Amino acid sequence: MAGRILVVTQHFWPENFRINDIVEGFLQDGLEVDVLCGLPNYPKGEWFEGYSARGPWEEHFGTAQVFRAREWPRKGNTSVNIFLNYVSWPLYAAAALDRLPGGYDAVFCFNTSPVLMCWPAIRYAQKHRIPFTNYVLDLWPENLYSVLPVKNALLRKLAQGVSDALYKKADRLIAMSEPLQQRLCQRTGKPPRAVKVIPQYCEDFYAVPQRDEALESRFAGRFNLVFTGTFTPAQSLDMVLRAVLEARQAGADQLHLLLVGDGMSRESLQTLARELNAGDAVTFYGSVPAKEVPKFTTLADALLISLSDSPDLGLTVPGKLASYMAAGKPVVASMNGAGYAAVQESGGGLVSPACDQHALAGNLLQLYRMDAAQRAQLGARAKAYYQAHYHRAELLRQLETFILQGG
């Protein structure tokens, strides 16, 4: 397939987001790509090495030309700085549109938070009369409320109105699940053919085990429950920590929660761990490059995914679930909606409702008491589900076709 695509996304390489691999996949399939993005500072809010408020403004990612626009860094992950980060990049990115060389067949936005991220993409597509496809990963304003506790009725009404208006302006929308497709159709009035369901895939390297003897030696003798990714209130990791301690008290004495990642909730989680005297029940390992994550999934006895008790978060299936299933390890899920259904359908793990501490503790205890053969069987089912539903090549082909041709 031939074509030239403008990718608009605030977060891009060297930050760890799946759009990096999507762009790489587009290039491998022969597409021409330019990327308009921000300056890397996620998740800590500090400029990555080699970057500052002064740029650099242009780079290359393979054969893709990368154009960077300013943004207010998330420094400290305070509510004020997150808000300023959300509103600053779209404004700076819109001002940077004139720097783009043009000649695109389509515009594609990998729309994590904030929803405002797609505004520069809309402006460019409308001005040049080319189709705009918005990949809705974080549904707004619902996702906003899972991170920032907005209670003011007027502000919530404003956020709803802005979000709906931006979704309506897309020519095509991509949803990760059928429930999300239905919600977007209801909110925008678009027919189902304009809102395509394409699940998040995971990079192929997640399916390849990586043995790391030093790492395995460090965590030997424990039942390692591994979580990888970002720490925000949406993950309800405070509840997970309490469930782990509850399961340990019930007999899972070697159960160990290994948290690999970082984010705005890390400091509060570490404080909670000290208050609960968690001791060696939990390890905060910190962030690692995406390609090192298989070292941790390989040593894991089980992989944990959790979301807070929000019906709106239940509309999506997190991309993390695909990478967990690719690893071929049992999945322990605490979530509602589409993610719950996917784990249950796969037969590759144990699932409980979001934020149900006692149910999660019970599942952890059940998994802990299984023999190795039973856990291996769960892992094999998870991997089979990944191969059937989350395979990279097929989902990339669907993305490319929908962005360039629609329908």
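Below 26 Å, Cα to Cα, which lysines can Lys127 reach? Residues fewer than 8 away in the same chain don't count.
Lys168, Lys169, Lys190, Lys196
Give, to the nearest whole percent, the P(r) tail of the range 117-274 beyond 26 angstrom, counting all Cα pairs. If you can, show how the numbers build up before the last one.
Working: 6252 of 12403 pairs.
Pairs farther apart than 26 Å: 50 percent.
Quick check for me: using +1 on Lys/Arg Cβ and -1 on Asp/Glu Cβ, what's the dipole size of the range 345-395 about its Cα centre, in debye to the nearest 20? Walk me through the intermediate numbers first.
Working: 5 positive and 4 negative charges, 34 e Å.
The calculation lands at about 160 debye.
With a 1.4 Å probe and all protein chains left in place, how much accessible area per residue does the range 210-284 have, in Å²?
On the way: 3250 Å² over 75 residues.
With all protein chains present, the range 210-284 gives 43 Å² per residue.
Can you give me the relative contact order of the range 293-354 as a percent, contacts being Cα pairs under 8 Å and 6 or more apart?
On the way: 103 pairs, mean separation 21.9, N = 62.
Dividing the mean separation by the residue count of the range 293-354 yields 35 percent.
As an exercise, identify the chymotrypsin sites (Phe, Trp or Tyr not before Pro) in the range 372-407 lying in DSSP coil whose Cβ has no more than 13 other Cβ atoms within 10 Å.
Details: sites: Tyr385, Tyr386, Tyr390, Phe402; in loops: Tyr390.
Loop-located and lightly packed - none at all.
Ignoring ligands, DNA and RNA, what percent of the 1.4 Å accessible area of the chain is carbon and sulfur?
The computed percentage sits at 50.
Which cysteines does the chain leave without a neighbouring Cys Cβ under 4.7 Å?
Cys37, Cys185, Cys202, Cys355, each lacking another Cys Cβ under 4.7 Å.
Could you grab the relative contact order for the range 298-395? Cα pairs under 8 Å, six or more apart, rounded to a whole percent. Spell out each step's value before the answer.
Details: 166 pairs, mean separation 29.2, N = 98.
Relative contact order for the range 298-395 comes out at 30 percent.
Does the range 309-380 come out rounded, prolate or oblate, given a ≥ b ≥ c as the square roots of the eigenvalues of its C-alpha gyration tensor, rounded meaning a/c under 1.5 and, failing that, prolate meaning a/b above b/c? Let's see the in-between values first.
On the way: a/c = 2.68, a/b = 1.33, b/c = 2.01.
Verdict is oblate for the range 309-380.
Peptides 89-100, 273-284, 5-16: what's the order by average Cβ count within 10 Å, highest mean first? It would help to have the intermediate numbers written out before the result.
Details: 89-100: 17.7, 273-284: 14.6, 5-16: 23.7.
Descending mean neighbour count gives 5-16, 89-100, 273-284.
Per residue, how much accessible area does the range 292-407 have with a 1.4 Å probe, in Å²?
On the way: 4120 Å² over 116 residues.
On a per-residue basis, 36 Å².
Any chance you could run the full-extension gain for Phe83 through Gln405? It's 0.36 nm times the residue separation minus the Cα-Cα distance, nm to one decimal. The partial results should precede the final answer.
Numbers: separation 322, 0.36 × 322 = 115.92 nm, distance 3.54 nm.
Full extension of this stretch gives 112.4 nm more.
At what distance in nm do the modelled label points of Glu46 and Ala372 sit from each other, each positioned 7 Å from its Cα along Cα→Cβ?
Placing both labels 7 Å beyond Cα along the Cβ direction yields 4.1 nm.
How big, in percent, is the set of alpha carbon pairs in the range 267-407 lying more than 24 Å apart?
Values: 3879 of 9870 pairs.
Looking at the range 267-407, the distances longer than 24 Å represent 39 percent of pairs.
How many angstrom lie between the C-alpha centres of the range 335-407 and the range 8-23?
Each part reduced to its Cα centre gives a spacing of 24 Å.
Between Ser217 and Arg156, what length in nm is gained on full extension when 0.36 nm per residue of separation is reduced by their alpha carbon distance? Mind dumping the intermediate values first?
On the way: separation 61, 0.36 × 61 = 21.96 nm, distance 4.98 nm.
Going from the current span to full extension adds 17.0 nm.
So what's the chain giving for Rg/Rh, alpha carbon basis, Kirkwood Rh from the mean inverse pair distance?
Details: Rg = 21.0 Å, Rh = 21.8 Å.
Checking Rg against Rh, the ratio lands at 0.96.
Cut-off under 28 Å on the C-alpha distance; same-chain residues fewer than 8 positions from Lys291 excluded. Which lysines are left, in chain and number order?
Lys44, Lys75, Lys320, Lys329, Lys383
Compare Gln200, Gln181, Gln374 in a GNM of the chain, Cα atoms joined below 10 Å, and give the one with the largest fluctuation.
Its mean-square fluctuation being the largest, the pick is Gln374.
Mind checking the per residue accessible area of the range 50-129 for me, 1.4 Å probe, whole number of Å²?
Values: 3720 Å² over 80 residues.
Per-residue accessible area for the range 50-129 comes out at 46 Å².
Please report the relative contact order for the chain, taking Cα pairs under 8 Å with a sequence separation of at least 6, and give it as a percent rounded to a whole number. Before the final figure, lay out the partial values.
Details: 803 pairs, mean separation 56.1, N = 407.
In percent, rounded to a whole number, it is 14.
The values are calculated or read from the model by the stated rules, or taken from the named source; none is laboratory data. All values reported here derive from a predicted model rather than from experimental measurement. FYI the Cβ positions are ideal-geometry reconstructions off the backbone, even for glycines, and counts take in every protein chain you see. These area figures cover heavy atoms from the full protein model, side chains too; ligands, DNA and RNA do not enter into them. Shrake-Rupley method; radii C 1.70, N 1.55, O 1.52, S 1.80 Å.
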